[in-house]
Structure formats: C-alpha cells, structure tokens
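Quick notes on the structure that follows.
The values are calculated or read from the model by the stated rules, or taken from the named source; none is laboratory data. All values reported here derive from a predicted model rather than from experimental measurement. Quick reminder, even Gly has a Cβ in these numbers, built from the backbone with ideal geometry, and neighbours come from all protein chains shown.
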Amino acid sequence: MKRKSRFTLLEVMIVLMLLVILAGAVTPAYLNYMKKARVQTAKSECKLLADAVDHYYLELGTYPSTLEGLIKNIDNDTRWAGPYINGKLPKDPWGGSYKISFPGKAGDFDIVCTGSDKKSGGSGDGADIFSSDIGDSEEK
C-alpha cells in the first residue's frame, strides 16, 4: 500500500493562526512607518515648492498669486521664465493640494499642506505642515 502524504486540518489551522499572529504584530509597525513617510514626503515637497517660489520672486520681483504661476504664465508677465518646477504641481501624500499663504508664519509666504485630515489645524499626521517650519537641520 502506498501512503499519500497530506496535511491534516489541525496542521493547516496552526499555520493559519501563526500567519494571523505574525500579521497582527507587523501591521501596526508598518502603518506607523507609512504615516511618518507621508509626513516626510509632504515636508520635502513643501520645501521644493518654497524654493520654486523663491526662484520666481528673484526673476519677477513679486510672488505668484497661486502655485499655478510656477508652471504657467497666468499673469502674462514678459519677465516670466518658467516653468519653475517640472511637470504638474504635486498633490500632497493624502491627495490634497498644496497652497501658498501670504504672509507666512516666519516670512513673506508659506507653502501649506493640511495633512491627512485635509483641514486647517489637526495633530499627528493630520497637522498642518508649513514650509517655514522646515529647517535645514531636518533634511540631514
């Protein structure tokens, strides 16, 4: 007689339980990592947009009224030498739009990301991110 090797129901259930326990332990750490990565991405993009606005100001002597002015000559200014960023304006990591506000918290303007809640204020990954809060020490 030949004996066929098969898994019993108990063995399959044990393996499934181990996988569920492993997934339960790893998932919160992964989600926390993803929240931090999105916040860092938003900070980097705010800095990129702020640098582009500074470049715009150096060439035209004024700030763009909206961030669209970085990719299109919306005011038909003959001094406009853009686009000042490549491609389209980026969306924030939560699918919202970056905004420019005048005056800024610590300067003439701020690039603002409203975070995961897409509303002003908030805390954690829902907190607003301002380009003026991003220093050179955070990039290192």
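Of the residues in the range 59-118, how many are among the acidic types (D, E) and under 20 Å from Q40 (Cβ atoms)? Break it down stepwise before answering.
Going residue by residue through the range 59-118, those that are among the acidic types (D, E) are 59, 68, 75, 77, 92, 108, 110, 117.
This time we only want the ones that are under 20 Å from Q40 (Cβ atoms), so: 92, 110, 117.
Residues meeting the conditions: 3.
Could you please let me know if S5 is closer than 30 Å to W94 by Cβ and hydroxyl-bearing (S, T, Y)? Give the derivation first.
On the way: closer than 30 Å to W94 by Cβ: no; hydroxyl-bearing (S, T, Y): yes.
Answer is no for this residue.
Of the residues L89, L48, which is in a loop (DSSP other than H, G, I, E, B), under 17 Å from the mean Cα position of the chain (by Cα) and surrounded by 12 or more Cβ atoms within 10 Å (Cβ to Cβ)? Show your work before the answer.
Details: L48 fails: in a loop (DSSP other than H, G, I, E, B).
One residue alone meets the criteria, L89.
May I ask you to verify whether L58 is loosely packed, with under 10 Cβ neighbours inside 10 Å, modelled with pLDDT of 90 or more and not aromatic (F, W, Y)? Steps first, answer last, please.
Values: loosely packed, with under 10 Cβ neighbours inside 10 Å: yes; modelled with pLDDT of 90 or more: yes; not aromatic (F, W, Y): yes.
Taking the combined requirement at face value, the residue satisfies it.
So in the range 61-80, with the set limited to residues that are of a type in the set (S, T, Y) and farther than 30 Å from G126 by Cβ, which one is surrounded by the most Cβ atoms within 10 Å (Cβ to Cβ)? Don't jump to the end; show me each part of the working.
Initial filter on the range 61-80 (of a type in the set (S, T, Y)): 62-63, 65-66, 78.
Narrowing the set further to residues that are farther than 30 Å from G126 by Cβ leaves 62, 78.
On the way: T62: 12, T78: 7.
Result: T62.
So which residues in the range 127-140 are assigned to a helix (DSSP H, G or I) and modelled with pLDDT of 80 or more, if there are any at all?
Our first condition is that a residue be assigned to a helix (DSSP H, G or I); within the range 127-140, this holds for 131-133, 136-139.
Of everything in the range 127-140, those that are assigned to a helix (DSSP H, G or I) and modelled with pLDDT of 80 or more turn out to be S131, S132, D133.
Mind checking which residues of the range 75-86 are under 26 Å from K118 (Cα atoms) and free of Cβ contacts under 8 Å to residues at least 12 places away in the same chain?
N86
Please name all residue pairs, on different chains or six or more residues apart, with Cβ atoms under 6 Å, provided the first residue is in the range 45-72 and is under 17 Å from K91 (Cβ atoms) and the second residue is exposed (fewer than 14 other Cβ atoms within 10 Å of the Cβ).
What qualifies is E68/I74.
Across the range 92-117, what is the number of residues that are under 11 Å from D128 (Cα atoms), under 12 Å from the mean Cα position of the chain (by Cα), in a loop (DSSP other than H, G, I, E, B) and not aromatic (F, W, Y)?
Of the residues in the range 92-117, 3 are under 11 Å from D128 (Cα atoms), under 12 Å from the mean Cα position of the chain (by Cα), in a loop (DSSP other than H, G, I, E, B) and not aromatic (F, W, Y).
When the residues of the range 1-45 are filtered to those that are assigned to a loop (DSSP other than H, G, I, E, B) and of a type in the set (A, V, I, L, M, F, W, C), which remaining residue is farthest from the chain's Cα centre (by Cα)?
M1
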